[in-house]
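Heads up: the structure comes next, in structure tokens.
What follows is calculated from the coordinates using simple rules that are stated; it is not laboratory data. Values in this document were obtained by computation on a predicted structure and should not be read as measured data. No Cβ is skipped: glycine too gets one built from the backbone with ideal geometry, and neighbour counts run over all protein chains shown.
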Amino acid sequence: MDSLPTVTVTAAPPCVMVIFGASGDLTQRKLIPALYNLHRNGFLPNEFAVIGVSGSSLSDETFRERAAASISRHCEDCADVGFLGTATPRLHYLAGRTEDSATYQRLKERLEQVHASHGTRGNVLVYLAVPPDQFAPIARGLQGAGLIAPGGDRAPDGSWFRMVVEKPFGRDLASARALNGELLACMDESQIYRIDHYLGKETVQNLLSFRFLNGIFEPIWNRNYVDHVQVTVAESLGVENRGRYYDTQGALRDIVQNHVFQVLCLIAMEPPSSLGNEEVRNEKVKVLRAMRRPQEEALLRDAVRGQYSAGMLGGETVAGYRDEAHVAPGSATETFAALKLHIDNWRWADVPFYVRTGKRLPARNTQIVIQFRRAPLALLPTETMQHANRLTIQVQPQERIQLRFQAKRPGPGNHLAQVEMAFSYDDLGSDGRATGYETLIHDCMVGNRMLFLRADMVEESWDVLTPVIDLWQALPPRDFPNYAAGSWGPEAAAQMLIRDGRHWIDPEGAGAVT
Ligand code: BG6
């Protein structure tokens with residue numbers, strides 16, 4: 001393989017990362033390991049420190065010990081203690097409740113000490129790894145203590161303040177608007193980084209390169225050549241220990257509104273004029289604006305929900321959703337959602353976008369299928385025609401791109417086979433045990449907002465889904481649970497495509513391959 005000149009990624013500028021929710025799962029499983037990986041690969045500056053904040057009373061030492069333990073559990077080559085700081089320790093901890101204004105005063109003092117001891121030049125990246133009801137109170141607390149320099153991304157002295165907000169960002173259009181309003185009352189849009197961890201996945205980022213750095217796909221990437229598009233986000237896990245949270249969310253809010261829509265935007269957007277902060281986001285928001293807001297009649301046909309019952313997965317019996325811990329016994333929360341969507345613009349008019357996601361499906365697998373139209377004239381009798389002309393982008397667990405087409409089998413007669421050209425991401429070298437958060441955290445530090453959601457993007461995506469949410473709330477499901485754990489979801493989801501003369505393309509190696 002020829003290697004091409006690469007853009008050099010340099011170490012981030014000096015800064016302090018303040019993590020709210022520092023004793024929580026996300027910090028220990030993803031954020032600390034991601035920071036360590038950045039350090040190991042030379043992307044963290046020497047002038048860098050962390051202040052962890054949470055309600056638990058921990059000492060600095062205990063926080064550092066926990067960080068070291070999560071690094072050895074989740075990272076390769078975990079021996080580089082330089083990350084924790086050799087002469088001057090880099091990790092600090094502050095116990096404090098987020099609703100208490102004294103917490104922010106103490107944080108301010110701590111920040112001044114850390115800036116002085118670590119040379120971090122007043123630059124602050126706040127990461128909100130906390131439940132969503134704390135997002136606005138923390139923003140207000142930070143503002144009240146004078147920690148958010150006015151004037152957007154850069155204060156007059158050149159320092160910056162940025163804040164990363166985790167999902168879920170609202171639970172419908174009204175609540176997302178209200179949250180945007182509360183955050184924007186405390187800081188500028190350019191300081192808010194609404195994160196979607198799917199955009200940290202290499203294969204998802206590669207969609208931009210695949211589409212816009214190769215001239216060969218663009219001419220056929222439209223309604224003239226594409227029959228339909230499918231996006232599947234399948235999980236074999238159930239709700240694990242998150243029943244309390246998940247039962248208030250459901251599949252539509254948990255996966256479709258954010259991860260699925262972000263993937264769809266990358267597939268459907270127009271070429272941006274550059275990879276600048278706003279150009280890509282401008283094109284993505286246009287896709288969301290062009291998504292049809294479905295009427296009730298269409299929704300009854302084109303939106304399917306499901307909930308799993310007990311079943312078999314990986315040779316083991318697993319419990320039904322309603323029997324999971326902290327789930328209401330008669331819960332109406334959907335663990336599966338499938339939608340037929342339309343993007344009403346010149347590129348995509350009449351091309352259906354089928355999306356589905358679910359828990360307790362046969363395998364963990366995220367894939368995008370671009371099904372091209374069949375050849376206009378069948379020169380040979382073939383039933384397999386509809387399976388060729390297909391581009392499959394596997395996001396996980398394997399990261400690959402395959403193009404499937406027809407070929408003649410050797411020998412007399414005209415017997416056809418379906419063959420594929422495939423690219424596997426491993427060929428470009430593996431990123432080891434990266435968490436998926438490395439790129440996103442580094443982007444925040446360097447001020448690259450391209451992969452983060454802007455206020456209007458979040459609101460548009462809720463606007464598309466709010467009619468579905470309202471309808472599902474008005475009509476409680478009568479058939480739940482309606483799919484067995486280990487199956488591909490309710491029959492109604494299969495019927496939605498069969499009515500259109502199509503079928504779901506299940507991921508290869510994960511149950512039936514069609
Ligand atoms: C999260 C959802 O955003 O994404 C979880 O809240 C889901 O319910 C997870 O399991 C899936 O992410 P990944 O990266 O494991 O596919």
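Here are the numbers for the structure shown:
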| quantity | calculated |
| --- | --- |
| Percent antiparallel among DSSP beta bridges (both partners in the chain, rounded to 5) | 55 percent |
| Tail fraction, Cα-Cα pairs, segment 394-514, threshold 20 Å, whole percent | 73 percent |
| Extension gain (nm, one decimal) between residue 9 and residue 143, 0.36 nm per residue minus Cα-Cα | 45.0 nm |
| Extended-chain gain in nm, criterion 0.36 nm per residue less alpha-carbon gap, residue 317 and residue 223 | 29.5 nm |
| Exceeding the 24 Å Cα-Cα cut-off - candidates 167/359; 284/359; 30/284; 108/167; 30/286 | 284/359; 30/284; 108/167; 30/286 |
| Semi-axis lengths (Å, descending) of the ellipsoid that matches the C-alpha gyration tensor of segment 312-384 | 37, 20, 9 |
| Spin-label pair residue 326/residue 373, simplified geometry with 7 Å Cα→Cβ offset, distance in nm | 5.1 nm |
| Rounded FRET efficiency, nearest 0.05, which uses the C-beta distance separating residue 470 from residue 97 and R0 of 30 Å | 0.25 |
| Using a Förster distance of 41 Å, the FRET efficiency for residue 349-residue 188 (Cβ separation, nearest 0.05) | 0.65 |
| Global size of segment 131-277 as Cα Rg and Dmax, reported in angstrom | 18.9, 57 |
| Paramagnetic label zone (point 7 Å from Cα along Cα-to-C-beta, residue 364; backbone N under 15 Å) in segment 228-250 | 233-242 |
| Charge context of residue 175, other residues only, Cβ under 12 angstrom, K/R +1, D/E -1 | -1 |
| Percent breakdown of C-alpha pair distances by 10 Å bin, ordered from the shortest bin, for segment 237-318 | 14, 31, 28, 21, 7, 0 |
| Per-q log10 I(q)/I(0), the chain, q = 0.13 Å⁻¹ (Debye; single scatterer per alpha-carbon; no solvent) | -1.38 |
| Rough spin-label spacing in nm, given labels placed 7 Å along Cα→Cβ, for residue 289 and residue 80 | 4.4 nm |
| Potential extension, residue 202-residue 499 segment - 0.36 nm per residue separation minus Cα distance | 103.4 nm |
| In Å, descending, principal axis extents of the Cα set of segment 17-61 | 32, 20, 17 |
| Helical segments meeting 24 Å axial Cα length and Kyte-Doolittle -1.0 threshold in the chain (DSSP H) | 455-474 |
| Reciprocal mean inverse distance between Cα atoms of segment 143-187 - Kirkwood radius, Å | 12.0 Å |
| Part-to-part distance (alpha-carbon centres) for segment 142-193 and segment 440-505, which is given in Å | 27 Å |
| Cα coordinate range in segment 301-436, projected on the principal axes (Å, largest first) | 61, 42, 33 |
| Kirkwood hydrodynamic radius of segment 156-236, from inverse mean 1/r over distinct Cα pairs, in Å | 16.7 Å |
| Radius, Kirkwood style, for segment 19-148 when every pair of distinct Cα atoms is counted (Å) | 15.1 Å |
